[in-house]
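I have a structure I would like to understand better, so I am pasting it below and will then ask my questions one at a time.
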Amino acid sequence: MAAFLLMYFAFSLCILVACIIVIFHLMRYSLNRKIALYTTICFVSITLLLILINLYFFVNIPFAELELLGNS
């Protein structure tokens, strides 16, 4: 389980870095600041929703059952 947790942490860190890069580019290179703010808010809210759903599914993985199947 520790390997899965470490991989999930690395995955989450990569997602966070990618989100920061996208937010930077949305805010920095937009021609209209008002539209940049709206698109950034939309991007952040959808990304947070997807991350929370992903976390919910990861927490509900039955690791104990998977270990039993791997040993038989």
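With no solvent and one point on each alpha carbon, what is the Debye value of log10 I(q)/I(0) for the chain at q = 0.18, 0.19 Å⁻¹?
Per q value, in the given order, log10 I(q)/I(0) is -0.78, -0.83.
Next up: If each residue of separation counts as 0.36 nm, what is the full-extension length gain between C14 and F58 once their alpha-carbon separation is subtracted?
Details: separation 44, 0.36 × 44 = 15.84 nm, distance 1.64 nm.
Contour length minus Cα-Cα distance gives 14.2 nm.
Kirkwood hydrodynamic radius of the range 20-59 from all distinct Cα pairs, in Å?
Result for the range 20-59 stands at 11.0 Å.
Residues with beta-carbon under 15 Å from that of M27, excluding M27: net charge, scoring Lys, Arg +1 and Asp, Glu -1?
Once all neighbours under 15 Å are counted, the net charge is +3.
Here, each number is a calculation from the coordinates, and none is a lab measurement. Please read these numbers as outputs of a predicted model, since none were measured by experiment. A quick note on method: Cβ atoms are made from the backbone with ideal geometry, for glycine too, and the neighbour counts reach across all protein chains shown.
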